[in-house]
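**Student:** Below are the structure tokens for one structure; questions will follow.
Quick note: the coordinates plus some simple rules give every number you see, no bench work behind them. From a predicted model like this one, the values you see are computed outputs, not experimental measurements. Virtual Cβ from ideal backbone geometry, glycine too; neighbours counted across all protein chains shown.
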Amino acid sequence: MGKEKQRQFKGIELIASENFVCRAVMEALGSHLSNKYSEGMPGAKYYTGNQYIDEIEFLCCQRALLAFDLHPNNWGVNVQPYSCTSANFAVYTGILHPGDRIMGLDSPSGGHLSHGYYTFGGKKVSAASIFFETLPYKVNPQSGYIDYDKLEEKALDFRPKILICGGSSYPREWDYARFRQIADKCGAVLMCDMAHISGLVAAKEVASPFDYCDIVTSTTHKSLRGPRGGIIFYRRGAKPRKQGFVHNHGDDSNYDFEEKINFALYPSLQGGPHNNHIAALAIALKQVATPEYKAYMQQVKRNAQALASALLRRNFRLVTDGTDNHLLLWDLTALGLIDRNYEKVCEACRITLNKCAIYGSISPGGVRIGTPAMTSRGCLEEDFETIADFLRRAAQITSIVQREHGKSCKDFLKGLQNNKDISELRNRVETFSSQFAMPGFDI
Ligand SMILES: *Cc1c(COP(=O)(O)O)cnc(C)c1O
């Protein structure tokens, strides 16, 4: 654990899905709340002795609705999912029958596995594709943007019962109004998985999926900066008349997601909620409603813009030429770099980021880079200029090692041992990172 603390402190964390929580969140996670069993919804727990746990969970739900500006008459929330993957599967389990159809963004296009991924060869990877029928939509290989016309055509043929928007490596805004139109045309429930951007949504720094979607799921540990877990929001109360949603059964005038989703999560899929996590989430959500948090999310966006323009100025290629949110996709194909080799060089220099498929380009893809974690440590635009230089230097080193030792994994890794360029860059990275405090702990 001590070694991991040092690694977090001395490194540059650019994995777009990661963040650093504050001390209060960590204290709640490591607290006595871990001791209690509290199966069931708050106010209706299976075991006795849950009066205070209930208070905590009610408070957490109240703050969750407040953080996203939702009225309890129209939206309900479940804060018990252990992860966003469980949250998504609970939605499918609650409102679908086995074998029903789901459509989400394809994983190589930037979607998440839990939306029903199966491989090109047909291997079903996600439980969503094992127990349901899934067919993905894709981004346009030239532009990198979602191809809405193709999506509509596909959706009208496939007729999914759930249409999912939201993904893990999509740098641009989502057209929720268009998704709503398409969902209505094929009679699908519209679900948004805002796992990556929920912090930006709460701070109103990106468009809100709540205006158009029926169900919204998220992680709580990415841009939101809470403890590791999942959350589900669902519409409740009367359906708006005008829009004439078709949903799963015809003319019912009230939404019926609440009971189905809550039952699917517990008892169908999960056991006792992790109360330490729920308390930590309540703490994080209180922070989300503050002006400081809004300022943080604005900085996350500005930093992503600064990094994108710094890389573009150095003549590198970004998918869609930039970003509207907290992450960018750097296409390494043009540089002749193997994504895995670049990722390894960065790791050796204490920069963590991850390789990702660049849809439409051949095998060596690119890397996904996000700004939430380093922004939590206090990095500003000029720091991301420095980070852009480190990233360029790592690309040069990758290129030299590939040339001198070969591109294959085994040969390449040999070239990283006792490499002077690497130790020089690692020293610079460590010196840079050590200037910034860690939010949750002292070193
Ligand atoms: C990260 C992510 C998830 C998975 O979250 P876990 O909590 O790790 O299960 C689901 N959906 C999307 C879009 C994600 O980016």
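**Student:** Can you bin every Cα-Cα distance in the stretch 1-48 into 5 Å intervals starting at zero and give me the percent of pairs per bin, rounded to whole numbers?
**Tutor:** 4, 15, 13, 18, 16, 11, 9, 9, 5, 1
**Student:** Here's something else I'd like to know. What's the exposure ranking of C356, C165, going from fewest to most Cβ atoms within 10 Å?
**Tutor:** C356, C165
**Student:** Report the antiparallel proportion of the DSSP beta bridges in the chain as a percent, rounded to a multiple of 5.
**Tutor:** 60
**Student:** Still on this structure, please answer the following. For each of C186, C349, count neighbouring Cβ atoms within 10 Å of the residue's Cβ, then give the residues from fewest to most.
**Tutor:** C186, C349
**Student:** Note down the relative contact order for the stretch 13-86 as a percent, whole number, built from C-alpha pairs under 8 angstrom at least six residues apart.
**Tutor:** Rounded, it is 16 percent for the stretch 13-86.
**Student:** Would you compute, from DSSP H runs of 4+ residues alone, the mean residue ellipticity of the chain at 222 nm, taking -39500 (n - 2.57) per run and dividing by the full residue count, rounded to the nearest 500?
**Tutor:** Values: 16 runs with 182 residues, N = 443.
When only DSSP H runs of four or more count, the value is -12500 deg cm²/dmol.
**Student:** Using Cα atoms only, what is the angle between the long axis of helix 339-348 and the major principal axis of the chain, expressed in degrees (0 to 90) to the nearest 10?
**Tutor:** 70
**Student:** Something else about it: Which values, in whole Å and largest first, are the semi-axes of the equivalent ellipsoid of the stretch 57-151 obtained as the square root of 5 times each eigenvalue of the Cα gyration tensor?
**Tutor:** For the stretch 57-151, the semi-axes come out at 29, 18, 12 Å.
**Student:** So for each of 62-74, 226-238 I average, over its residues, the number of other beta carbons within 10 Å; can you give me the resulting order with the highest mean first?
**Tutor:** Working: 62-74: 16.8, 226-238: 22.6.
Sorting 62-74, 226-238 by mean packing, highest first, produces 226-238, 62-74.
**Student:** What shape does the chain take by its C-alpha gyration tensor, where a ≥ b ≥ c are the square roots of the eigenvalues and a/c under 1.5 counts as rounded, a/b above b/c as prolate, and the rest as oblate?
**Tutor:** Cα axes put the chain in the oblate bin.
**Student:** Sticking with this structure for a sec: Only Cα pairs under 8 Å and at least 6 apart count here; give the relative contact order of the stretch 295-433 as a rounded whole percent.
**Tutor:** After rounding, I find 27 percent.
**Student:** Which entries in the list K239/K286; K150/K185; K344/K414; K45/K286 go over 19 Å, if you measure between the two C-alpha atoms of each?
**Tutor:** From K239/K286; K150/K185; K344/K414; K45/K286, over 19 Å: K239/K286; K45/K286.
**Student:** For the stretch 295-433, rounded, prolate or oblate, judged on the Cα gyration tensor with a ≥ b ≥ c (square roots of eigenvalues), a/c < 1.5 rounded, else prolate if a/b > b/c?
**Tutor:** Oblate.
**Student:** Let me ask something else about it. Out of C186, P141, V125, whose Cα points farthest toward the positive end of the dipole of the stretch 105-189 (charges: +1 Lys, Arg; -1 Asp, Glu; placed on Cβ)?
**Tutor:** V125
**Student:** Another one. Answer with one residue from V91, A348, L329: the one whose Cα lies farthest towards the positive end of the charge dipole of the chain, charges on Cβ with Lys, Arg +1 and Asp, Glu -1.
**Tutor:** Looking along the dipole axis, the top candidate is A348.
**Student:** Return the single residue from K355, K294, K239 with maximal mean-square fluctuation; model: Gaussian network over the chain, springs between Cα atoms under 10 Å.
**Tutor:** Taking springs between Cα atoms under 10 Å, the residue moving most is K239.
**Student:** For the stretch 145-169 and the stretch 264-338, what is the centre-to-centre distance using only Cα atoms, to the nearest Å?
**Tutor:** When both Cα centres are located, 23 Å separates them.
**Student:** So what are the ³J(HN,Hα) numbers for the stretch 22-27, from phi and the Karplus equation (6.51, -1.76, 1.60; θ = phi - 60°), rounded to whole Hz, Gly and Pro as x?
**Tutor:** Rounded to whole hertz, the list is 7, 5, 4, 5, 4, 5.
**Student:** Under the definition of Cα pairs under 8 Å and six or more residues apart, what whole-number percent is the relative contact order of the chain?
**Tutor:** Details: 869 pairs, mean separation 103.7, N = 443.
Result for the chain is 23 percent.
**Student:** Something else about it: Considering only G43, G122, G271, give the residue with the highest GNM mean-square fluctuation for the chain, with springs between Cα atoms whenever their separation is below 10 Å.
**Tutor:** Result: G122 has the largest fluctuation of those listed.
**Student:** Note the angle between two axes, namely the Cα long axis of helix 51-67 and the longest principal axis of the Cα atoms of the chain, as a number of degrees from 0 to 90, rounded to the nearest 10.
**Tutor:** Orientation of helix 51-67: about 70 degrees from the principal axis.
**Student:** Another question, then. Please say if the stretch 141-240 is rounded, prolate or oblate, where rounded means a/c under 1.5 for a ≥ b ≥ c the square roots of the C-alpha gyration tensor eigenvalues, and otherwise the choice is prolate for a/b larger than b/c and oblate otherwise? Show your work: numbers first, answer last.
**Tutor:** Numbers: a/c = 2.03, a/b = 1.29, b/c = 1.57.
Oblate.
**Student:** Measure nothing fancy, just the Cα-based angle from helix 420-434's long axis to the longest principal axis of the chain, in degrees from 0 to 90, nearest 10.
**Tutor:** 50
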